[in-house]
Amino acid sequence: MPTRKFSSQVKVFKALGHETRLFIVDELSRGERCVCELTKMVGADISTISKHLSQLREAGIIASDKRGMQVYYRLLTPCVLGLFSCVKQVCSHSPGESSDSNAG
């Protein structure tokens, strides 16, 4: 079955397919963060953020370390940031996109 070989790639795309998870990846590209920091930044409860982090970790995008009572997350595969640039380029060619979506 030809689609079977893409199952792990689909897992990565699904993990990146949510605004909150994209925000988390973007934030972790600047350095590691604890769950409490990410919770404050996103403005969601810790349970919701933990689910997002779990999905990113299961896809192999981020890693975690427990230090005392806190869990810290870091970007494990910074190559996913290349997808951000690619998506911006695709969006710039999509009908209905405004020119200010091309910035940054």
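The values are calculated or read from the model by the stated rules, or taken from the named source; none is laboratory data. Bear in mind the structure is a predicted one, so any value in this text is a computation, not a measurement. Here the Cβ positions follow ideal geometry from the backbone for every residue, glycine too, while neighbour counts run over all protein chains shown.
Structural remarks
- Against the list (1) without any contact (Cβ under 8 Å) to a residue 12 or more places away in the chain; (2) touching a helix residue (DSSP H, G or I) at 6+ places or on another chain (Cβ under 8 Å); (3) part of a loop (DSSP other than H, G, I, E, B), the condition Arg30 fails is (2).
- Selection count where residues are out of contact with any helix residue (DSSP H, G or I) (no Cβ under 8 Å at 6 or more places or on another chain), among the hydroxyl-bearing types (Ser, Thr, Tyr) and at pLDDT below 85, scope region 76-104: 4
- Picking from residues in region 1-27 that are without any contact (Cβ under 8 Å) to a residue 12 or more places away in the chain and either in contact with a His (Cβ under 7 Å, 6 or more places away or on another chain) or not in a helix (DSSP H, G or I) (or both), the one that is nearest to Lys88 (Cα to Cα) is Gly17.
- Selection of first residues in region 59-86 that are within 16 Å of Ile49 (Cβ to Cβ) and free of Cβ contacts under 8 Å to residues at least 12 places away in the same chain and of second residues that are surrounded by 14 or more Cβ atoms within 10 Å (Cβ to Cβ) and not aromatic (Phe, Trp, Tyr), restricted to Cβ pairs under 7 Å at least 6 apart or on distinct chains, gives the following pairs, ordered by first then second residue: Ser64/Arg57; Ser64/Val71.
- Tally, over region 33-51, of residues that are assigned to a helix (DSSP H, G or I) and either surrounded by fewer than 19 Cβ atoms within 10 Å (Cβ to Cβ) or of a type in the set (Val, Ile, Thr) (or both): 13
- Scanning region 33-43 for residues that are free of Cβ contacts under 8 Å to residues at least 40 places away in the same chain and within 18 Å of Tyr72 (Cβ to Cβ) returns Cys34, Val35, Cys36, Glu37, Leu38, Thr39, Lys40, Met41, Val42.
- Flag if Arg30 is surrounded by 11 or more Cβ atoms within 10 Å (Cβ to Cβ), under 19 Å from Leu81 (Cα atoms) and not aromatic (Phe, Trp, Tyr): no
- Subset of region 67-97 (residues that are farther than 19 Å from Ser29 by Cα, assigned to a strand (DSSP E or B) and either among the aliphatic types (A, V, I, L, M) or out of contact with any strand residue (DSSP E or B) (no Cβ under 8 Å at 6 or more places or on another chain) (or both)): Arg67
- Once region 1-19 is narrowed to residues that are under 14 Å from Phe84 (Cα atoms) and not acidic (Asp, Glu), the residue that is surrounded by the most Cβ atoms within 10 Å (Cβ to Cβ) is Ala15.
- Taken over region 55-66, the residue count meeting the criterion of being acidic (Asp, Glu) and outside any strand (DSSP E or B) is 1.
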